[in-house]
1. Given the conditions (1) open to solvent by 10 Å² or more (accessible area, probe 1.4 Å); (2) more than 11 Å from the ligand (Cβ to nearest atom); (3) more than 17 Å from the chain's Cα centre (by Cα), and given that Asn138 satisfies all but one, which numbered condition is not satisfied?
2. Please verify whether region 19-27 includes one or more residues that are farther than 30 Å from Gln277 by Cα and either away from the ligand (no atom under 16 Å from the Cβ) or modelled with pLDDT of 95 or more (or both).
3. List pairs: first in region 117-142 and under 11 Å from His17 (Cβ atoms), second open to solvent by 10 Å² or more (accessible area, probe 1.4 Å) and small (Gly, Ala, Ser), Cβ under 9 Å, 6+ apart or cross-chain?
4. Would you mind stating whether Thr271 is within 21 Å of the chain's Cα centre (by Cα) and over 28 Å from Ile182 (Cβ atoms)?
5. From the set of residues in region 86-123 that are in a strand (DSSP E or B) and not aromatic (Phe, Trp, Tyr), which is surrounded by the most Cβ atoms within 10 Å (Cβ to Cβ)?
6. Step by step: first the residues of region 44-74, then only those that are assigned to a loop (DSSP other than H, G, I, E, B), open to solvent by 50 Å² or more (accessible area, probe 1.4 Å) and farther than 27 Å from Phe28 by Cα, then the one that is farthest from the ligand (Cβ to nearest atom). Which residue is that?
7. Specify the residue that is farthest from the chain's Cα centre (by Cα); the eligible residues are those in region 201-213 that are under 20 Å from Thr256 (Cα atoms) and touching a residue at least 24 places away in the same chain (Cβ under 8 Å).
8. Would you mind listing the helices (runs of 4 or more DSSP H) fully within region 177-293 where at least 1 residues are in contact with a Gly (Cβ under 6 Å, 6 or more places away or on another chain)?
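The values are calculated or read from the model by the stated rules, or taken from the named source; none is laboratory data. Because the structure is a prediction, the values reported are computed rather than measured. Reconstructed Cβ throughout: ideal geometry from the backbone, glycine too, with neighbour counts over all protein chains shown. Accessible surface areas use protein heavy atoms only, side chains included; no ligands, DNA or RNA. Shrake-Rupley method; radii C 1.70, N 1.55, O 1.52, S 1.80 Å.
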Amino acid sequence: MRDYKPRAIVHFAAESHVDRSILGPDDFIRTNVGGTFALLEEVRAYCADLNETGCTDFRFLHVSTDEVYGSLGPADPAFSETTAYAPNSPYSASKAASDHLVRAYHHTYQLPTLTTNCSNNYGPYQFPEKLIPLMILNARAAKTLPIYGDGKNVRDWVFVEDHCDAVRTVLARGRVGETYNIGGWNEKANLEIVETVCSLLDELCPNDPFIPHRKLISFVKDRPGHDRRYAIDARKIERELQWRPRETFESGIRKTVSWYLENEEWIKEVTSGSYRQWMEKQYATRGHDASRA
Ligand code: DAU
């Protein structure tokens, strides 16, 4: 910090996969809670070294998740910035803890912090442990498409470049000490997401070994404590900072599927070794629920 004198830290670093947090929570506490604490302490020391104006211009932007708010019923209003925290997984609890630390460092030490809570991202370069890239890769390889439970869990989906744009906007114009929810205004059930991916693959890869791809869908044992529905009320960032997502789900998901079809080298690189071990550990005992087929 002293050598480079950054004007901001944008803190994306996190263990982010809920299923991994269920099988091994330790890394989540260490990285998400301990890591955020370590960064905040560095910023506190850095700010103490700067004169008052220097620190006023500095920003610590903490990138978080909508999962800290817990799970919604079908008719509940979407999460707003004032919704009470109710995290349900070791992952979301670790993110909630880090959000609280950021809040406390602003109130106690006046660090110039900003926090963003975003919904599910999708797009290029997403590691294929997450729903959309996992389904694309499995479908192309004629492997089953494991849908947890009844496939009716709902998420709000935002294209990754829209999320990046929102983060830049908050960094540039967000009010210090505030939190901003970021979302895509795009709630969808998991089954609908997977069916859309399958239709696109039918169209773009008609020579794949298994057509139609949707026949690979398999309902498997549910994720423990699986949150039923997330929805984001992103009116604050729109009202205060004039940000709205640009991508529709239709255009974003087409770009995403095409990107995975065109980037086989990257896929090869990230799916070697430890990825295979993870897939085995995570899916071997989930079975197939014939009653839902
Ligand atoms: O809501 C924001 C969060 O979105 C981020 O904070 C997390 O870092 C990110 O991982 C994501 O969490 P989810 O648990 O919603 O994402 P995931 O892609 O793991 O799962 C999306 C939905 O799909 C969820 O309801 C579980 C379901 N699912 C997931 C996988 C990997 C399946 O049905 N089958 C699967 O194999």
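1. (2)
2. No: zero hits.
3. Pairs found: Phe127/Ser16; Lys130/Ser16.
4. So Thr271 fits the description; yes.
5. That would be Thr113.
6. Asn51
7. Within region 201-213, the match that is farthest from the chain's Cα centre (by Cα) is Asp208.
8. 190-204, 249-262
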